[in-house]
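The structure appears right after this line, and notes come after that.
The values are calculated or read from the model by the stated rules, or taken from the named source; none is laboratory data. Computed from a predicted model, the values in this text were never measured in an experiment. Cβ sites come from the backbone with ideal geometry, for glycine too, and all protein chains shown count toward neighbours. Please note that ligands, DNA and RNA were not included when accessible areas were found on the heavy atoms of the full protein model with its side chains. Shrake-Rupley method; radii C 1.70, N 1.55, O 1.52, S 1.80 Å.
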Amino acid sequence: MLMLTGCSADDRDGFFYDTFVKPMDMFLKFIYDIVGNWGLAIIIITVIVRLLILPFMLQNYKTQRESKKGMELAKPELSVVQERLQELKKEEVRAITKEDKIRIRNEQMNLQREQMAIMKKYNANPISVGGCLPILIQMPFLSGLYFTLVNPLYSEGIINSTFLGFNLGTRSYVLPLIAFAVYFVQMKVQMSLMPVNVQPGQEAMADQMKMMQWLSPIMITAFSFYVAGAVAVYYIIGGIIMIGQTYIGYKLYPPYKPEKKQSNAVDPNKVQLVSKKKKKK
């Protein structure tokens, strides 16, 4: 995002334009010279960019699965810590002396460090949404393609072209609706196949994340109404590829499902916390 700061569709100089937009513009023209159709050229270049990003996205799915598995393995130890934190909250309300309040706060801080140590031990996160690396990797390339379609130079022939009856150089009122439908389906597929791993006490954060998932279809639809039809085609193809990518990720790295146990009860005396193990050593 730092690289994109200050970028404008009208800019044709600077590091970002020379590194990402100009090569993408030239590559789009190269594809057009081969296929002879701007719509097909947009589809091909979008597929190529998405395929280049695919390995990083699959790694993201793998990380999500490992994180959820880690949270399941950490539950017995985390539950003991969380129960003690609840007890300390009640003690804090009843505490009168300054010494008692200091003791309780110190113990709370120790338990919070214990929580972090347990999660680190199992390579777990409270809510697994994957790392930011795939987003950071794909942003310059996808943005470069976006700016190319908004302000083409080498591929300026796209401005006066049509594809399947849609004018690629002017605003469309149908393509944005198709884009919304595609990303709505993509969102539903993502939520059904790759559900967010929510732990007790994190429900409010999970609800916020669900609301944020609606931002993608809404924002893409809004952008598609504002810009030329070529950009809307790019969004539609990208969304379709993301649906397939989600299915591939699900098949390769399905969400971790813990084995069913006869009882969910946890015996605090049988749980060995990280700090206890260190003391034994």
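Sequence-distant contacts, meaning Cα pairs under 8 Å at least 6 residues apart, place the relative contact order of segment 6-117 at 14 percent.
Packing, as the average of other Cβ atoms within 10 Å across residues, places the peptides 161-174, 57-70, 227-240, 81-94 in the order 227-240, 57-70, 161-174, 81-94, highest first.
Subtracting the Cα-Cα distance of E99 and Q82 from their residue separation scaled by 0.36 nm leaves 3.8 nm.
A full extension of the chain between K90 and A181 corresponds to an added length of 27.8 nm, given 0.36 nm per residue minus the alpha carbon distance.
Fully extending the segment from K62 to T162, taken as 0.36 nm per residue of separation minus the present Cα-Cα distance, adds 32.0 nm. For L252, the solvent-accessible surface computed with a 1.4 Å probe is close to 100 Å², ligands and nucleic acids excluded.
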